[in-house]
Amino acid sequence: MDSPFLDTKIIDCHIHYPHPDLSSNLIKILDRNRITSCNIVCTPHYNRLSLVPDALQLKANFPERVYVFGGLDISALFMQPETCGQYFAEYAEKLAEMGCDGIKMIEGKPDMRRNLPTPDFDSRSYEPYWAKIEEMGFPLVFHVNDPEEFWDKQRIPDWALKQGWFYGDGSFINNEAQYSQVINVLTRFPKLKIIFAHFFFLSSQLERLAGYLDRFPNMHVDLTPGIEMYHNFTQDSQKSRDFFIKYQDRILYGTDIGAKALLSDPSGGLDVLESGMRISLVRNFLEKDGGFRFEEGQGFLFGKFEGDFQSINLPINVLEKIYSKNFEKLTGLSPKPLNKSAILAELERLSIIIPAMGAAQPGMAVDTSVVEKVKSYFLSH
C-alpha cells in the first residue's frame, strides 16, 4: 500500500494492548501503517491486576516485532505501601527475567494516583526501586501528570471533564508537587533510563523542558498525543522545530494506539480508523512542510480532531532517530527473548493473588480467565 510518509523503520514506543483477543486487529493496524515494531506498555487492571500476560503472549507470537514494558504489581501498594520499593525492585528483576524490555508506570496519572495508596515518588518507600532499575539499566516509560488545563475548571476540555479528569477540586495531587517529586528522583538517580510519556506534559513550556533535558542526560520524552501537544507545537512552529533539532536524540515516536479499548471497552476492539488518525497526526507534524488540517472527526481522548496544525519538516536523519534509533539505544536492536518457565511461574502467582486482591477489595470483580488462557497457551507452545 502506498504511503504519503517516509519509508523508514518505525518503532511505536507507546501502544496499549488490553486483551489477547485484539491481536489480529493490532497486527492489521501495524501492517496497514507500515509500523515495523511496537512496544506494548502494560498498565494495572482493576479486575485482572496485570496486563503483562496479554503482552507476553503477543510477544511470543511476534518475537521479533513486539517489545514489552511490563507494569508493576500494584498489589504491593495495598499490602505494603511503606516498603513497596523493595517489592518493586524485586518485581523489576522478575519482569526482566520473563523477557520484558522495560517498565511502564502510569501511577503518576493523577486519577490513578488518587485511587492507589501511592507514597510520594521521592520518599524512602520508593528508593530501593529507583536504585534497582538504575543499576539494571532497565528503561522506564513514566506517565507523570496530565495536561495543565485539567487543573483549571475554565480551561479543561469538555471531553476530559466527562472522563472525570478535572483535578482542581483539592482531592488530587497538584501537578507542580508531582513534578517536584519526580525531579527529586532524577536528581538522586541521574542514570535512570526514563521516557516521560506525552512530552512530560510540558509542550507549552519548552524552555522548562529543555532545562530538564540539559540537566538529566538520560531523560527522554515521547510524542504520544494528547492533542493539546500538537496545538501547543503549532503556536510557534519554528521554535518547536528548533527544539526537535536540538534534542533529536531524546525524543521517541509513539501514538497511544489502544487507549480507547483500554479505557472504554476492550470488547469493542482496536479502532482502526482512530489509530490511523493518531499516526497521521504525528507523522504529518514531523515530516510535512507547511500546514495541515483535520476535518471534524471524533478521536478518543482527543476531543475534536478538527483544526489547523503546522508541520516542522524534520530532516530524514532526525526522523530516523525519533522513529526508531532513540528507542533502540535504550532497549537494544531487537526485543529480548522470553523465558517460558519464569512466565509460567508468574502466571501461577497471579492466579493466586488476583482472588486474594478481590477478597481484600470489596467490589472488585475478580477475573482470572485471561491468566488461565495465557497459561494454557504457554503450556502448549
Kindly check whether there is at least one residue in the range 71-88 that is in contact with a Pro (Cβ under 8 Å, 6 or more places away or on another chain), modelled with pLDDT under 90 and among the aliphatic types (A, V, I, L, M). no
Within the range 145-171, can you find the residues that are closer than 17 Å to T118 by Cβ, out of contact with any strand residue (DSSP E or B) (no Cβ under 8 Å at 6 or more places or on another chain) and buried (at least 19 other Cβ atoms within 10 Å of the Cβ)? D146, Y167
Could you look through the range 211-250, keep only residues that are under 21 Å from K325 (Cβ atoms) and aliphatic (A, V, I, L, M), and pick out the one that is surrounded by the fewest Cβ atoms within 10 Å (Cβ to Cβ)? I245
Counted residues in the range 335-349 being crowded, with 21+ Cβ neighbours inside 10 Å and either at pLDDT below 95 or among the hydroxyl-bearing types (S, T, Y) (or both) come to 0
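Hey, among the residues in the range 68-78 that are part of a helix (DSSP H, G or I) and touching a residue at least 24 places away in the same chain (Cβ under 8 Å), which one's farthest from R124 (Cα to Cα)? Working first, answer last.
Restricting attention to the range 68-78, the residues satisfying the condition of being part of a helix (DSSP H, G or I) are 75-78.
Going one step further and asking which of them are touching a residue at least 24 places away in the same chain (Cβ under 8 Å), we end up with 75, 77-78.
Numbers: S75: 19, L77: 14, F78: 17 Å.
Result: S75.
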Considering only the range 320-334, state which residues are surrounded by fewer than 21 Cβ atoms within 10 Å (Cβ to Cβ) and either in a loop (DSSP other than H, G, I, E, B) or of a type in the set (G, A, S) (or both). G332, L333, S334
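Each row is one residue, and each column tells you yes or no for (1) closer than 28 Å to S275 by Cβ; (2) at pLDDT below 95; (3) in a loop (DSSP other than H, G, I, E, B); (4) aromatic (F, W, Y).
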residue: F199; (1), (2), (3), (4): yes, no, no, yes
residue: S203; (1), (2), (3), (4): yes, no, yes, no
residue: R208; (1), (2), (3), (4): no, no, no, no
residue: L213; (1), (2), (3), (4): no, no, no, no
residue: V221; (1), (2), (3), (4): yes, no, no, no
residue: E228; (1), (2), (3), (4): yes, yes, no, no
residue: H231; (1), (2), (3), (4): yes, yes, no, no
residue: K239; (1), (2), (3), (4): no, no, no, no
residue: D242; (1), (2), (3), (4): no, no, no, no
Yes or no: A360 under 30 Å from L77 (Cβ atoms) and modelled with pLDDT of 85 or more? no
Name, by its number, the condition in (1) within 25 Å of A259 (Cα to Cα); (2) surrounded by fewer than 18 Cβ atoms within 10 Å (Cβ to Cβ); (3) at pLDDT 95 or above; (4) not small (G, A, S) that does not hold for E97. (1)
Filtered residues of the range 114-129 (kept if at pLDDT below 95 and crowded, with 19+ Cβ neighbours inside 10 Å): T118
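If I filter the range 309-321 for residues that are under 23 Å from G211 (Cβ atoms), modelled with pLDDT of 85 or more and either out of contact with any helix residue (DSSP H, G or I) (no Cβ under 7 Å at 6 or more places or on another chain) or among the charged types (D, E, K, R) (or both), do I get at least one hit?
Pass one, the range 309-321, residues under 23 Å from G211 (Cβ atoms): 312, 314, 318, 321.
Applying the additional criterion that residues be modelled with pLDDT of 85 or more yields 312, 314, 318, 321.
Next cut, either out of contact with any helix residue (DSSP H, G or I) (no Cβ under 7 Å at 6 or more places or on another chain) or among the charged types (D, E, K, R) (or both) only: 321.
Yes; the residues of the range 309-321 include at least one that is under 23 Å from G211 (Cβ atoms), modelled with pLDDT of 85 or more and either out of contact with any helix residue (DSSP H, G or I) (no Cβ under 7 Å at 6 or more places or on another chain) or among the charged types (D, E, K, R) (or both).
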Residue list for the range 67-92, restricted to those being buried (at least 19 other Cβ atoms within 10 Å of the Cβ) and among the β-branched types (V, I, T): V68, I74
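Which of the residues spanning the range 44-67 are in a loop (DSSP other than H, G, I, E, B) and modelled with pLDDT of 95 or more? Let's see the steps before the verdict.
Initial filter on the range 44-67 (in a loop (DSSP other than H, G, I, E, B)): 46-48, 51, 62-65.
Passing the criteria: F62, P63, E64, R65.
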Could you please tell me which pairs satisfy a Cβ distance under 7 Å, a separation of 6+ or placement on different chains, a first residue in the range 7-29 that is under 23 Å from I316 (Cβ atoms) and at pLDDT 90 or above, and a second residue that is among the hydrophobic types (A, V, I, L, M, F, W, C) and part of a loop (DSSP other than H, G, I, E, B)? I10/I35; D12/I35
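The values are calculated or read from the model by the stated rules, or taken from the named source; none is laboratory data. Note that the structure is predicted; figures quoted are calculated from it, not measured. Note that we place each Cβ from the backbone using ideal geometry, even for glycine, and neighbour counts take in every protein chain shown.
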